[in-house]
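Peer 1: Supplied in structure tokens, the structure appears directly below.
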Amino acid sequence: MNIARKICTIRYQNVGKNFVRKLRLTASNYDSAPSTQPQVQEEKFDFEDLKIYERTTRKKAKIPPFMKDVFVSIFNRELLAYPEVLNKDESDALDNRVAALEKVFLDPEKTENDRKNVLKHTKMYAAPVELTKNGLAMTHTESLRYLEVISSDLQLGQAISEHWVCLKALQMGLSREMYQNIIDDVTSGERLIALCVKERIAERPTQADFRTTAVLDSNDLWYVTGEKVCTNTSGYLLVLCNVEPSQLKAFLIHPNATGVSNKDNFVVFRNTPATPLDMVSEEALSQVLGASRLHTATLYRSCLVRALKGCADYTKPRYFGGKPLSNLSTIRNTIGEALLKIYACESAEYFTAGLLDGYEDADAELEMAMCRNFIAHHGQSILMDLLAVQGVEGHEEGLRLLQDMRSLSLRGESVENVNMFIALNGIHHAGKIMATEIKQMRNPLFNPSFIFKKILADRHQEKDDPKLDLFLAEHLHPSLRPPAGQLEYAVLRMRFACETLMSRHGLAVGEAFTELTRLAEAATEILAMTAVLARASRSYCIGLRNAEVEMKLSACFVEKSKDRVKRLILEIDDGEFLNLDHFRIEFGKKVIDTNSVLVEKPTARVFW
């Protein structure tokens, strides 16, 4: 058989060649007759730039509001698994864009134009926009990572933060046709969108707190009149207006619109034509605009990180008394305290972003406000301690950091306003759950059996020793059992604090500002405690570098935060006379009324 196959191959080996040659000649003659064959033009596609599908979302089912439930001592233990919302491909793409931004923003020789160009190159101006609109479909987690780098230029960081928030509002509020017409212009990077929400404080009793209004004329056109706090009016403006006594609506004002003028840090509108965002509800708009609080916390923290690094760079090459300055325990203590606050704030920010990215319709307005409240409350004192290390030698840098901190702490709203937002929302949520119980507590003579049972049930709370029955330690690494118990103590004390406030003030609880401020600060500390424990447990379990340092940081922070929560809630329980609020308020009233410090100088004498 092998011999026969060899002979056949030799004998007929030219048959295939002749057949192919004849077929090639026939095809050549066939193609040479253009008059009989239609000309087909080959189409070329660039599949790299063709984006058909939007970014997939992997959100879990909707859950009850986390921090609102904490006000009634309900804790979702599943959230102690620190959120991971990015897969490997998304994480790699994020790292690549962050590296491109760092190459420009961390180089002191780069100019402002260089920074704006890299923002265009990395699509930062269109980051929240859909992939089919040449955007990145950016998540909240990614926005924080980008903003950490961009915030080295604080002015640009604040501008891009407002731009992202406004883009999200336009995406939800404009019709599809209007959105298509404007999206290319607002994402080009030439004209950003500025957010105009804050009003001037009323100067007369008859003035309303919210005075910017929008009126619809006979031609179905909206016109805005009022005054807002805003420093950048060169591009688009997203203005929050009052259209009815109890309804707010957002309007987009185009560049060079009529009736717009600047006055110091304010922008004035006089019958300015505007485009309404009709498609978004007031509740959804509030959630979108609340992201600016989360961004402010990131900007604030980045400023504090720069101060920390500047303090470390200052101490390394210097000596005091013949010994390295960095060996002084006071300086190390200051830097360590700053690191604790930075770690806690960063943990709370990404924890909140994970809630927004990981769950459907996440109600995280309180969490975003708490992130801003936490760093604004602790950041100023920590910054002053860090700047005191450098003294007069870092005078210019210190003044710049102080000014940055001041502008961020007053960005959009004050710390007191944020505290009231947190406390009133939390106490409202608690009131809906505990309404019947509070009514019975405020009428003890009509409910004697309930009062007797309540006294027995609250005997541990009255002794400041609640029974720990939430079992939070089961969802964390075993090494974190002691701090988990401290977090559990703080959570269980929140319901008691809400009970005390509502039973004491009744419907007037919304006017107990000093006590509500303490309640908001206690809730804020609980969010930070939850975030650091969840983060440290995750880091240690998956084996991240320096995970043991994170475990120590979380334990130290929770220990100190537990004492702060304990003190705040005990002061709420004591009341205005025992915690001396009544007397401080009276002192302040007299100072305002007399416009003086009331007391005489120590050298004053009385001559009879």
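Peer 1: Where in region 508-608 are the helices (runs of 4 or more DSSP H), entirely inside, with at least 3 residues that are of a type outside the set (Lys, Arg) and open to solvent by less than 10 Å² (accessible area, probe 1.4 Å)?
Peer 2: Result: 513-542, 547-574.
Peer 1: Only one of these conditions is not met by ALA388: (1) closer than 28 Å to ARG535 by Cα; (2) open to solvent by 10 Å² or more (accessible area, probe 1.4 Å). Which number is it?
Peer 2: Only one criterion in (1) closer than 28 Å to ARG535 by Cα; (2) open to solvent by 10 Å² or more (accessible area, probe 1.4 Å) is unmet by ALA388, namely (1).
Peer 1: Next question. Working carefully through the options SER234, SER246, find the one that is open to solvent by 80 Å² or more (accessible area, probe 1.4 Å), more than 30 Å from ASN134 (Cβ to Cβ) and of a type in the set (Gly, Ala, Ser).
Peer 2: SER246
Peer 1: When the residues of region 400-423 are narrowed to those that are in contact (Cβ under 8 Å) with a residue 60 or more places away in the chain and aliphatic (A, V, I, L, M), which ends up nearest to GLU162 (Cα to Cα)?
Peer 2: Across region 400-423, the extreme among qualifying residues is LEU408.
Peer 1: Pick from LYS463, LYS432, LYS454: which is without any contact (Cβ under 8 Å) to a residue 60 or more places away in the chain, among the charged types (D, E, K, R), open to solvent by less than 90 Å² (accessible area, probe 1.4 Å) and out of contact with any helix residue (DSSP H, G or I) (no Cβ under 6 Å at 6 or more places or on another chain)?
Peer 2: Going through LYS463, LYS432, LYS454 in turn, the sole match is LYS454.
Peer 1: Please determine whether any residue of region 504-524 is hydroxyl-bearing (Ser, Thr, Tyr), within 22 Å of LEU355 (Cα to Cα), at pLDDT 95 or above and within 26 Å of the chain's Cα centre (by Cα).
Peer 2: Taking region 504-524 first, the residues hydroxyl-bearing (Ser, Thr, Tyr) are 514, 517, 524.
This time we only want the ones that are within 22 Å of LEU355 (Cα to Cα), so: 524.
When the remaining residues are screened for being at pLDDT 95 or above, the result is 524.
Now restrict to residues that are within 26 Å of the chain's Cα centre (by Cα): 524.
Looking for residues that are hydroxyl-bearing (Ser, Thr, Tyr), within 22 Å of LEU355 (Cα to Cα), at pLDDT 95 or above and within 26 Å of the chain's Cα centre (by Cα), one finds at least one in region 504-524, hence yes.
Peer 1: When region 344-366 is examined, which residues are found to be touching a helix residue (DSSP H, G or I) at 6+ places or on another chain (Cβ under 6 Å) and assigned to a loop (DSSP other than H, G, I, E, B)?
Peer 2: Selection gives ALA362, ALA364.
Peer 1: Can you run down the residue pairs with Cβ atoms below 8 Å, 6 or more apart or on separate chains, where the first is in region 385-399 and part of a helix (DSSP H, G or I) and the partner is aromatic (Phe, Trp, Tyr)?
Peer 2: VAL389/TYR314; GLN390/TYR314; GLU393/TYR314; GLY394/TYR314
Quick grid of which residues meet (1) part of a helix (DSSP H, G or I); (2) closer than 30 Å to LYS68 by Cβ:
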site	(1), (2)
ARG293	yes, yes
TYR314	yes, no
PRO317	no, no
ILE342	yes, yes
MET368	yes, yes
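Peer 1: Further, regarding this structure: Within region 400-429, work out how many residues are part of a helix (DSSP H, G or I) and either surrounded by 15 or more Cβ atoms within 10 Å (Cβ to Cβ) or in contact with an Asp or Glu (Cβ under 7 Å, 6 or more places away or on another chain) (or both). Give the derivation first.
Peer 2: The initial filter retains those residues of region 400-429 that are part of a helix (DSSP H, G or I), namely 400-409, 415-429.
Now drop any that are not either surrounded by 15 or more Cβ atoms within 10 Å (Cβ to Cβ) or in contact with an Asp or Glu (Cβ under 7 Å, 6 or more places away or on another chain) (or both), which leaves 401-402, 404-405, 407-409, 415, 418-427, 429.
Of the residues in region 400-429, 19 are part of a helix (DSSP H, G or I) and either surrounded by 15 or more Cβ atoms within 10 Å (Cβ to Cβ) or in contact with an Asp or Glu (Cβ under 7 Å, 6 or more places away or on another chain) (or both).
Peer 1: Got at least one residue in region 221-241 being free of Cβ contacts under 8 Å to residues at least 12 places away in the same chain and in a loop (DSSP other than H, G, I, E, B)?
Peer 2: No, every residue in region 221-241 fails to be free of Cβ contacts under 8 Å to residues at least 12 places away in the same chain and in a loop (DSSP other than H, G, I, E, B).
The values are calculated or read from the model by the stated rules, or taken from the named source; none is laboratory data. Just so we're clear, the structure is a prediction, and the values are computed from it rather than from any experiment. So basically every Cβ, Gly included, is an ideal-geometry build from the backbone, and we count neighbours across all protein chains shown. Areas reflect the complete protein model, heavy atoms only, side chains present, ligands, DNA and RNA absent. Shrake-Rupley method; radii C 1.70, N 1.55, O 1.52, S 1.80 Å.
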